[in-house]
Amino acid sequence: MTDPSTLNSEAETEAEKVVADLKSGNAIPTDARQKALQEELKELVEVVGPGPLVDLLLERSFQLRATDIHLDPNADGLRVRLRVDGLLHDVMQLQPDIQSQVISRVKLMANMDITERRMAQDGHISNAVLRHKRDIRVGSGPTIHGERLVLRLMPDEEQYQSMSELGMDDNQIQKVESQLRTPYGVILSAGPVGSGKSTTMYTCLEALNNPSRSLVTIEDPVERRLNGINQIQVDSKIDFTFVEALRGVLRQDPDVMMVGEIRDPETAHIALRAGLTGVSVLSTLHASDTSSVIDVFREFGIPPMFIADSLICVISQRLLRRVCPESNEMYTADAAAREFLGLDDSQEVQLRRGIPSPTNFNTGYTGRTGVFEIMCVDGELRRAILGGASHDELEELAVNKGMQRLEDHACEKVLAGETTVEEMMRVLTSFPADPK
């Protein structure tokens with residue numbers, strides 16, 4: 001780090017201007033893209049301390065719609081990366097002489113013990129990013145090159161997405177809204193980590209949010225602060241778990257209850273029982289598709305009767321990157337692409353793909369959209385669950401009753417020019433192509 005006393009007057013003036021802009025919340029000229037951010041941070045690190053550097057990194061990360069910041073130590077210093085649209089991008093490499101200062105700055109903001117470097121810690125930066133009313137969850141852990149930090153940037157609590165903005169089509173929206181009107185039962189969103197499950201459940205929760213209902217959430221962590229909803233943060237340090245919170249909430253006359261995640265058999269038992277006792281329960285679960293949710297509950301030891309009678313809707317989902325609207329081109333699909341999309345060989349199809357450029361982090365993609373598979377549990381499916389039907393049998397029955405598979409919804413988005421065959425293969429096949 002350069003000693004400020006040795007800087008020339010021009011650099012000092014620039015540093016003062018940058019610090020003033022940061023403190024006042026004024027925007028510093030940038031095109032909000034990877035190269036511009038790299039240059040901006042490099043210039044700043046030469047003239048000011050770690051405080052303004054961290055503040056700018058957080059500010060720009062929110063502007064870029066990043067979901068995570070990775071600060072990874074290595075032999076050459078500190079590697080800084082941002083996760084944008086599901087993929088990590090290198091931003092810069094900080095020199096070893098500033099590495100510990102940046103780590104300590106973040107830990108102080110997150111109320112973490114800066115003297116403890118040998119054990120993992122969790123921290124929380126609450127509404128502390130300049131003018132942003134956003135929370136940041138911080139996790140630290142030791143590595144052979146020093147302490148590593150990962151910052152999870154919570155969503156903007158003032159911005160909500162409608163079901164159409166999530167990526168659902170009209171038919172899917174109609175199905176979900178119909179299930180939300182059911183007075184009680186369990187609605188689940190299923191998928192892997194980072195597939196947008198919580199966002200979907202927040203959208204459903206907002207649709208149910210009105211003064212005539214008592215709404216409660218049990219989360220770890222609380223991702224969005226919602227008006228009119230009682231939100232509970234679990235705390236494993238004092239053994240206040242999902243199970244303990246659920247038991248307490250069920251004694252408090254809830255109408256709608258959102259459980260951040262069903263992680264274990266006991267939470268599953270209580271949530272499904274709640275769905276049978278007049279409560280609308282929203283939650284998420286790690287499962288590959290809608291029918292796999294039934295398998296997970298069976299593995300948890302839930303009696304088939306509880307699964308069949310309490311579960312009313314399962315939403316399986318994935319997130320696909322969108323073709324960059326500013327830099328793209330049309331092309332004629334080759335035979336392999338037509339076969340993958342299930343099209344006739346004689347059909348000539350025009351598809352859209354992004355052109356890598358500085359405006360899209362040189363990926364050809366900007367933003368993401370969801371693809372969904374929605375299974376509404378009706379009488380026939382209930383009887384199949386009670387009868388112990390297999391995963392494939394349940395899926396076939398749901399498809400025959402009008403359920404659209406994830407792959408079919410993704411094909412529609414490829415043909416509509418929203419995403420690409422390569423992105424669909426990356427997310428939905430067992431052996432994904434390398435992302436560009």
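The values are calculated or read from the model by the stated rules, or taken from the named source; none is laboratory data. In this text the structure is predicted, and so the values were computed from the model without any measurement. Glycine also receives a Cβ, built like all others from the backbone with ideal geometry; neighbour counts cover every protein chain displayed.
I'm trying to understand the selection: among the residues of region 42-87, which are assigned to a strand (DSSP E or B), without any contact (Cβ under 8 Å) to a residue 24 or more places away in the chain and among the charged types (D, E, K, R)?
Arg79, Arg81, Arg83
Which of the residues that make up region 386-408 are part of a helix (DSSP H, G or I), more than 30 Å from the chain's Cα centre (by Cα), surrounded by 12 or more Cβ atoms within 10 Å (Cβ to Cβ) and free of Cβ contacts under 8 Å to residues at least 24 places away in the same chain? Outline the logic, then answer.
In the first step, residues of region 386-408 are kept if they are part of a helix (DSSP H, G or I); the result is 386, 391-400, 406-408.
Among the residues that remain, those that are also more than 30 Å from the chain's Cα centre (by Cα) are: 386, 393, 397, 400.
If we keep only those that are surrounded by 12 or more Cβ atoms within 10 Å (Cβ to Cβ) as well, we get 386, 393, 397.
Hits for region 386-408 are Glu393, Leu397.
Taking only pairs six or more apart or across chains, which ones have beta-carbon atoms under 7 Å, a first residue in region 349-371 that is in a helix (DSSP H, G or I), and a second residue that is crowded, with 20+ Cβ neighbours inside 10 Å?
Once the first residue is in a helix (DSSP H, G or I) and sits in region 349-371, its partners that are crowded, with 20+ Cβ neighbours inside 10 Å give Thr359/Cys324; Asn360/Cys324; Asn360/Gly354; Asn360/Thr366.
Ile374 passes all but one of (1) in contact with a Cys (Cβ under 8 Å, 6 or more places away or on another chain); (2) assigned to a helix (DSSP H, G or I); (3) crowded, with 21+ Cβ neighbours inside 10 Å; which number fails?
Against the list (1) in contact with a Cys (Cβ under 8 Å, 6 or more places away or on another chain); (2) assigned to a helix (DSSP H, G or I); (3) crowded, with 21+ Cβ neighbours inside 10 Å, Ile374 comes up short only on (2).
Mind checking which residues of region 227-251 are surrounded by fewer than 15 Cβ atoms within 10 Å (Cβ to Cβ) and under 22 Å from Arg181 (Cα atoms)?
Matches in region 227-251: Asn227, Gly228, Asn230.
If Val91 satisfies every condition in (1) at pLDDT 90 or above; (2) part of a strand (DSSP E or B) but one, which is the exception?
Unmet condition: (1).
Of these, Ala410, Ala389, Ala384, which one is at pLDDT 95 or above, among the aliphatic types (A, V, I, L, M) and under 20 Å from Arg338 (Cβ atoms)? Give the steps one after another, and end with the answer.
Details: Ala389 fails: under 20 Å from Arg338 (Cβ atoms); Ala384 fails: under 20 Å from Arg338 (Cβ atoms).
Exactly one of Ala410, Ala389, Ala384 is at pLDDT 95 or above, among the aliphatic types (A, V, I, L, M) and under 20 Å from Arg338 (Cβ atoms), namely Ala410.
Test Leu108 against the criterion of being in a helix (DSSP H, G or I) and over 24 Å from the mean Cα position of the chain (by Cα), and give yes or no.
Numbers: in a helix (DSSP H, G or I): yes; over 24 Å from the mean Cα position of the chain (by Cα): yes.
Yes, satisfied.
Yes or no: region 336-353 includes at least one residue that is at pLDDT 95 or above and within 24 Å of Val193 (Cβ to Cβ).
The answer is no; no qualifying residue exists.
Would it be correct to say that Gly123 is farther than 30 Å from Met424 by Cα and surrounded by fewer than 21 Cβ atoms within 10 Å (Cβ to Cβ)?
Values: farther than 30 Å from Met424 by Cα: yes; surrounded by fewer than 21 Cβ atoms within 10 Å (Cβ to Cβ): yes.
Spelling it out, Gly123 is indeed farther than 30 Å from Met424 by Cα and surrounded by fewer than 21 Cβ atoms within 10 Å (Cβ to Cβ).
Step by step: first the residues of region 90-110, then only those that are in contact with a strand residue (DSSP E or B) (Cβ under 6 Å, 6 or more places away or on another chain) and surrounded by fewer than 18 Cβ atoms within 10 Å (Cβ to Cβ), then the one that is nearest to Thr369 (Cα to Cα). Which residue is that?
In this case the residue turns out to be Asp90.
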